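The values are calculated or read from the model by the stated rules, or taken from the named source; none is laboratory data. Computed from a predicted structure; not experimentally measured. Note that we place each Cβ from the backbone using ideal geometry, even for glycine, and neighbour counts take in every protein chain shown. Keep in mind that these areas ignore ligands, DNA and RNA; they rest on the heavy atoms of the full protein, side chains included. Shrake-Rupley method; radii C 1.70, N 1.55, O 1.52, S 1.80 Å.
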Amino acid sequence: MKHLLVVKLSLALVFVVSSGSVIGQEDGRGWQVGAVGLLYDSPFELEDTQVRVFPSITYQSSSLYLQGLEAGYHLLTPNYRDNLQLSADVFVAARGVAGQSLSAFALDAGLRARLGGRLGFVEAEFRRDITGQYNGQEVSLGYGYRFVLGKLTFIPSIRASWNSRKLGNFSYGVTYEQRERMRENGEPLLPFFRVEESFINYSVNIFTTYPITDRISFIGFGSAVLLADAVTDNPGITDDYEISAGFGVSYSF
């Protein structure tokens, strides 16, 4: 469905650049443009795996950044000469919903802080809806480690994300209005469902980059989210996980 391309674009690009933001802060500033191919496996039973290709735009300066559909301001930038590096950003970011049949879009504002050192980095994030679409919040805590093998940079990470009940209904719930709007041959595609409580999703993420030339780089990424019981209670959801993966090429100038 063409109107959902914007939603998938926001999810893919915000994930790519937020996972690799530690690389961008350390290695330089400026613009990056390119293309990203995304594979998305929906947890909903009646939805197929989709593959899409999107343009990507990233900008990084000493104070401002643009990463896909996320823009922010650096409150603190890390000093890489120290053993511990502390950074903090305030940001606004697009948020889409799970699956392909539900069409909804919101804008969040948030605060992200990261503490890094020889043993990896710990990242905490708070974000809240500012459009009135769902009036909910998300709080997440993650840990990652950066491996460097020659030119290849590889960053695996894990994350726990607390979702408020209102955010849960925005992302995974199905209203009666949505149910009536989504019909095929007169039959509803998804059953009515409401999330009744807040919950925690857990995810494993991977980000990698490899410079092909001084200006052209390859990027790869993947994410597997383990869905909470409050989400999988939805009879339209048959998988306990939500998976996205992809790769792309970027040009720096």
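Quick rundown of the values:
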{"quantity": "Within the range 74-89, considering residues that are surrounded by 13 or more Cβ atoms within 10 Å (Cβ to Cβ) and of a type outside the set (G, A, S), the one farthest from A109 (Cα to Cα)", "calculated": "Q85"}
{"quantity": "Close pairs (6 angstrom Cβ cut-off, 6 or more residues apart or separate chains): free of Cβ contacts under 8 Å to residues at least 60 places away in the same chain in the range 39-67, assigned to a loop (DSSP other than H, G, I, E, B) and surrounded by fewer than 15 Cβ atoms within 10 Å (Cβ to Cβ) anywhere", "calculated": "Q60/R29; S61/R29"}
{"quantity": "Residues within the range 48-60 that are assigned to a loop (DSSP other than H, G, I, E, B) and open to solvent by less than 20 Å² (accessible area, probe 1.4 Å), tallied", "calculated": "0"}
{"quantity": "Of all residues making up the range 127-166, the number that are hydroxyl-bearing (S, T, Y), in a strand (DSSP E or B) and under 23 Å from F105 (Cβ atoms)", "calculated": "2"}
{"quantity": "Residue in the range 62-71 that is in a loop (DSSP other than H, G, I, E, B), modelled with pLDDT of 90 or more and open to solvent by 10 Å² or more (accessible area, probe 1.4 Å) present", "calculated": "yes"}
{"quantity": "Hits in the range 181-222 - residues which are within 24 Å of D239 (Cα to Cα), part of a strand (DSSP E or B), open to solvent by 20 Å² or more (accessible area, probe 1.4 Å) and at pLDDT 75 or above", "calculated": "F193, I200, Y202, V204, I206"}
{"quantity": "Count - residues of the range 126-180 that are closer than 30 Å to Y210 by Cα, modelled with pLDDT under 95, surrounded by fewer than 20 Cβ atoms within 10 Å (Cβ to Cβ) and among the β-branched types (V, I, T)", "calculated": "1"}
{"quantity": "Every residue from the range 233-253 that is of a type outside the set (F, W, Y) and either part of a strand (DSSP E or B) or farther than 19 Å from D48 by Cβ (or both)", "calculated": "D233, I237, E242, I243, S244, A245, G246, G248, V249, S250, S252"}
{"quantity": "Filter result (β-branched (V, I, T) and closer than 20 Å to E197 by Cβ) within the range 119-159", "calculated": "V139"}
{"quantity": "Odd one out for A94, checked against (1) in contact with an Asp or Glu (Cβ under 8 Å, 6 or more places away or on another chain); (2) modelled with pLDDT of 90 or more; (3) not in a loop (DSSP other than H, G, I, E, B)", "calculated": "(2)"}
